[in-house]
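Peer 1: Pasting in a structure now, in structure tokens, and then I'll have a few things to ask.
The values are calculated or read from the model by the stated rules, or taken from the named source; none is laboratory data. Keep in mind the model is a prediction, meaning the values are calculated, not measured. Heads up, the Cβs are rebuilt from the backbone with ideal geometry, glycines too, and the neighbour counts pull from every protein chain shown.
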């Protein structure tokens, strides 16, 4: 990085604090703010590309994830297997390939910094899939639900029963219940400013 930009140690400190406090939904905004400090300069090989990419994924901001991918040096894309694994998640989500999303999430031995974030993405994606099933189907076969949810049939039955669904043991058919809609939270513009201020305060 350029001398005028954020140091590697400070970037690590900010990112580590967000991960430790499980502020996964703030991670992309924090890294975006840090990236703005070196606008016009190439990010170096120590930049947390994987976490930056996954930070956009957990926000379901696939456009920003794809734009970030375009900014990543080709050499990094080819030499970093974990970055390639993170990109496969983006591709699967973009293509609405739900089974591939599960495979991409579970098919790589993620490093410790990324593991918690990947786990959170998987949990949120699973909740979205349950909501999809409950709003789109009145009933379906257990094995088909398991394929969409990315878990075993036994886990599917257990999770379904936890949510008040019924299971016919003979036909292996789930009967769903409609999930209650929750108001969607909008991004507060002031929140991004607060995150930017938070990053800058670390310099003082």
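Peer 1: Within segment 83-97, is even one residue buried (at least 16 other Cβ atoms within 10 Å of the Cβ) and within 15 Å of residue 147 (Cβ to Cβ)?
Peer 2: Yes.
Peer 1: Sticking with this structure for a sec: Looking at 10, 88, which is the one that is modelled with pLDDT of 90 or more, assigned to a helix (DSSP H, G or I) and on the phi < 0 side of the Ramachandran plot?
Peer 2: 88
Peer 1: For residue 87, are the conditions met, namely being under 12 Å from the mean Cα position of the chain (by Cα) and free of Cβ contacts under 8 Å to residues at least 60 places away in the same chain?
Peer 2: Criteria met by residue 87.
Peer 1: Look at residue 120 and say whether it is buried (at least 17 other Cβ atoms within 10 Å of the Cβ), over 21 Å from residue 157 (Cα atoms) and under 13 Å from the mean Cα position of the chain (by Cα).
Peer 2: no
Peer 1: Among (1) more than 17 Å from residue 125 (Cα to Cα); (2) outside any loop (DSSP other than H, G, I, E, B); (3) more than 14 Å from the chain's Cα centre (by Cα); (4) in contact (Cβ under 8 Å) with a residue 12 or more places away in the chain, which single condition is residue 52 missing?
Peer 2: Among (1) more than 17 Å from residue 125 (Cα to Cα); (2) outside any loop (DSSP other than H, G, I, E, B); (3) more than 14 Å from the chain's Cα centre (by Cα); (4) in contact (Cβ under 8 Å) with a residue 12 or more places away in the chain, residue 52 violates only (3).
Peer 1: Which ones in segment 148-170 are in contact with a helix residue (DSSP H, G or I) (Cβ under 6 Å, 6 or more places away or on another chain), closer than 22 Å to residue 60 by Cβ and assigned to a helix (DSSP H, G or I)?
Peer 2: 148, 149
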